[in-house]
Amino acid sequence: MICTDSFHGAVFSILFEKPFIVYERKGKVSMYSRINTLLNKFNLNTRRAENISWDVDFFNVDFSYARKVLKNEREKSINYLRDALNLEEKS
């Protein structure tokens with residue numbers, strides 16, 4: 001279980017499909033708007049500490065939608081680089 005107040009902690013939890021909870025950082029500069037955007041994009045808003053239901057198994061995270069979004073984002077990135085570098089797609 002990853003407990004983090006960091007954008008990158010949330011990103012790596014999603015990439016490696018590890019159960020995680022995100023807390024809002026208190027005091028210093030907050031990165032919560034980036035974290036909100038990330039969790040919204042991957043439909044993982046339930047991983048915010050304030051949304052955790054402690055009476056259910058919070059170690060089980062459904063990453064199926066996140067996998068689809070991640071695959072799509074990777075394809076968009078590869079296509080962008082291919083176009084920017086004028087590369088042809090290999091068969």
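Which value at 222 nm does the chain reach when only helices count, each DSSP H run of 4 or more adding -39,500 (n - 2.57), with the total divided by all residues and rounded to the nearest 500 deg cm²/dmol? Only helices count here, giving -14000 deg cm²/dmol.
State whether region 40-83 is rounded, prolate or oblate according to the following rule on the C-alpha gyration tensor (a ≥ b ≥ c being the square roots of its eigenvalues): a/c under 1.5 gives rounded; otherwise a/b larger than b/c gives prolate, and the remaining case gives oblate. Since a/c reaches 1.5 and a/b is larger than b/c, the shape of region 40-83 is classed as prolate. Between the labelled values (1) 51, 31, 17; (2) 53, 37, 21; (3) 50, 34, 25, the entry that holds Cα extents along the principal axes in Å as derived from this structure is (1).
Ranking Trp54, Phe20, Ile35 by Cα position along the charge dipole of the chain, where only Lys, Arg, Asp and Glu carry charges on their C-beta atoms, puts Ile35 farthest toward the positive end. Shown for the chain: lysine pairs separated by 8 or more places, or found on different chains, whose C-alpha atoms are under 24 Å apart, numbering 12. Taking other residues whose beta carbon is less than 13 angstrom from the beta carbon of Leu70, and scoring Lys, Arg as +1 and Asp, Glu as -1, yields +3. About its Cα centre, the chain has a charge dipole of approximately 240 debye under the convention of +1 per Lys or Arg Cβ and -1 per Asp or Glu Cβ, with nothing else charged.
Coordinate-derived values only; no laboratory data. Predicted model, so just to flag it, every value in this text is computed and none were measured. Positions of Cβ are backbone-derived with ideal geometry, glycine not excepted, and every protein chain shown enters the neighbour counts.
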